Amino acid sequence: MVEAELSPAEIERYHRQILLREFGLEGQKKLKSAKVLVIGAGGLGSPLLLYLAGAGIGTIGIVDGDVVETINLHRQIIHSSNNLKINKAESARRLLQELNPEIKLEIYTQWLTGESSASIVPGYDIIVIATDNVESRYLISDLGVYYKKPVISGSALRWEGQLTVFSPSPCIRCLFPQPTPRHAWSKASDIGVLGPIPGVIGTLQAIETIKLILGLPVLSRKLLMYDGLSCQFKLFQLRDTSPTCPACSGQINPHTFNYAEFLGQIPAIPSIPDKEINCAELKRLIELKRVQIIDVRNSNHFNICHIENSIHIPIHDVENSSEIFSSNEPLVFVCKTGADSARAVEKVEARGIEASYLKGGLDAWKEAEPSFIIF
Ligand SMILES: [Zn+2]
């Protein structure tokens with residue numbers, strides 16, 4: 001890193017942090033010379049990018065292929081209602097440039113891929129994971145190992161968040177050689193997230209980034225977990241670099257590795273082809289009044305929207321519910337994607353009850369029935 005000089009305006013802007021014993025003018029110059037790449041301008045990226053820009057990181061790269069939606073705004077506070085349908089990297093750039101015109105912002109309006117990362121990543125010193133996309137998380141960790149760059153990882157769901165630094169080893173593959181089964185992947189769109197939770201974790205990611213640039217010790221080989229409900233932070237020691245890790249032993253080239261195939265090795269969303277019915281078939285049954293629809297999502301999802309006359313039995317109660325026996329009509333289970341409802345069919349079949357489920361779930365129903373609102 002070549003250290004840059006500071007103008008009087010910059011010294012004024014960063015004065016309060018320059019006063020810190022660990023900072024000084026030298027620390028500020030290090031920040032000005034630093035280049036940080038942030039993958040994701042969402043819930044984690046919002047506070048992270050604002051603090052990095054405010055702190056005077058000289059060059060910030062922002063990668064995001066999504067556009068701003070109303071449903072994002074409770075937590076993605078770098079965006080605004082005026083920027084709906086605008087690419088998130090571009091939307092973030094607008095506010096960051098207003099916050100600090102002294103810094104350089106480089107935006108990438110497509111998601112990072114093995115191919116595109118070759119021309120992006122080498123130009124940065126630090127990579128920050130601010131996306132919950134599983135494929136991206138493995139790719140970014142592999143890129144960190146490949147280019148020997150530290151990776152600051154954060155995630156947030158419901159009331160909980162996690163933080164660690166791959167510097168770059170141990171990496172994500174040292175900890176999780178195989179991705180967790182697909183049904184265990186949780187997303188904010190399915191189970192919800194309180195807005196300030198990614199706010200807390202994104203802010204901590206900004207602190208670790210600044211410390212890395214200053215040369216201070218960071219959260220390496222440790223995992224910090226935050227529980228907003230109990231207001232507790234817990235710190236866990238992580239295992240060392242795995243001797244069998246393919247990334248850390250130089251066997252993974254992230255530019256050629258097939259991430260789709262890697263993730264495809266894990267069990268797919270369950271499907272039982274002879275028990276599926278499609279939207280057209282379900283519509284016909286509804287018109288004939290020859291169906292009992294059972295919605296197995298949780299009660300908040302059900303209360304927000306459901307198909308008329310469907311009854312609500314959450315997936316965990318399906319095994320024990322006696323309501324299922326009382327219907328004389330054919331049973332059709334529905335859920336958001338078709339995965340839980342397929343499991344519900346298996347559960348009732350074990351009790352000798354015939355049932356089918358809506359293929360593609362209510363996401364598919366929304367496509368066929370535009371008046372049905374589901375998020
Ligand atoms: Zn590793």
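For this structure, a couple of remarks:
- Scan of the stretch 31-47 for residues that are closer than 30 Å to ILE374 by Cβ and either modelled with pLDDT under 95 or in contact with a strand residue (DSSP E or B) (Cβ under 9 Å, 6 or more places away or on another chain) (or both), ordered by number: ILE39, GLY40, ALA41, GLY43, LEU44, GLY45
- Scanning the stretch 330-359 for residues that are small (Gly, Ala, Ser) and either buried (at least 18 other Cβ atoms within 10 Å of the Cβ) or under 14 Å from HIS301 (Cβ atoms) (or both) turns up GLY338, ALA339, SER341, ALA342, ALA344, ALA355, SER356.
- Residue count for the stretch 253-294, restricted to those that are within 16 Å of the ligand (Cβ to nearest atom) and either over 23 Å from the mean Cα position of the chain (by Cα) or of a type in the set (S, T, N, Q) (or both): 1
- Those helices (runs of 4 or more DSSP H) of the stretch 106-218 in which 2 or more residues are aromatic (Phe, Trp, Tyr) and surrounded by 19 or more Cβ atoms within 10 Å (Cβ to Cβ) occupy 134-147.
- Identification of helices (runs of 4 or more DSSP H) wholly contained in the stretch 1-87 with 1 or more residues that are touching a helix residue (DSSP H, G or I) at 6+ places or on another chain (Cβ under 6 Å) and not β-branched (Val, Ile, Thr) yields 24-33, 45-55.
- Extreme residue, farthest from THR180 (Cα to Cα), among residues of the stretch 127-145 that are within 16 Å of the ligand (Cβ to nearest atom) and of a type in the set (Gly, Ala, Ser): GLY144
- Each residue in the stretch 168-207 was checked for being more than 16 Å from the ligand (Cβ to nearest atom), closer than 26 Å to SER249 by Cβ and modelled with pLDDT of 90 or more, and 0 of them qualify.
- Matching entry among GLY360, GLY352 (being of a type outside the set (Phe, Trp, Tyr), out of contact with any helix residue (DSSP H, G or I) (no Cβ under 6 Å at 6 or more places or on another chain) and modelled with pLDDT of 90 or more): GLY360
- Selection status of HIS306, buried (at least 17 other Cβ atoms within 10 Å of the Cβ) and either touching a Pro at 6+ places or on another chain (Cβ under 6 Å) or outside any strand (DSSP E or B) (or both): yes
- Residues being in contact (Cβ under 8 Å) with a residue 40 or more places away in the chain, in a loop (DSSP other than H, G, I, E, B) and either away from the ligand (no atom under 16 Å from the Cβ) or within 15 Å of GLN162 (Cβ to Cβ) (or both) - total across the stretch 219-245: 5
- Tabulated pairs, the stretch 165-180, first within 16 Å of SER155 (Cα to Cα), second among the β-branched types (Val, Ile, Thr) and within 7 Å of the ligand (Cβ to nearest atom), C-beta under 6 angstrom, 6+ apart or interchain: CYS171/VAL145
- Annotation: SER327 fulfils all but one of (1) surrounded by fewer than 18 Cβ atoms within 10 Å (Cβ to Cβ); (2) at pLDDT 90 or above; (3) touching a strand residue (DSSP E or B) at 6+ places or on another chain (Cβ under 6 Å); the unmet one is (2).
- Qualifying residue in the stretch 331-354 (condition: among the hydroxyl-bearing types (Ser, Thr, Tyr) and free of Cβ contacts under 8 Å to residues at least 40 places away in the same chain): no
- Being out of contact with any strand residue (DSSP E or B) (no Cβ under 6 Å at 6 or more places or on another chain) and not in a strand (DSSP E or B) is a property that GLU319 has.
- Within this structure, GLN162 fails the test of being more than 24 Å from ARG75 (Cβ to Cβ), more than 11 Å from the ligand (Cβ to nearest atom) and of a type outside the set (A, V, I, L, M, F, W, C).
The values are calculated or read from the model by the stated rules, or taken from the named source; none is laboratory data. What you see is a predicted model; the values in this text were computed from it and never measured. FYI the Cβ positions are ideal-geometry reconstructions off the backbone, even for glycines, and counts take in every protein chain you see.
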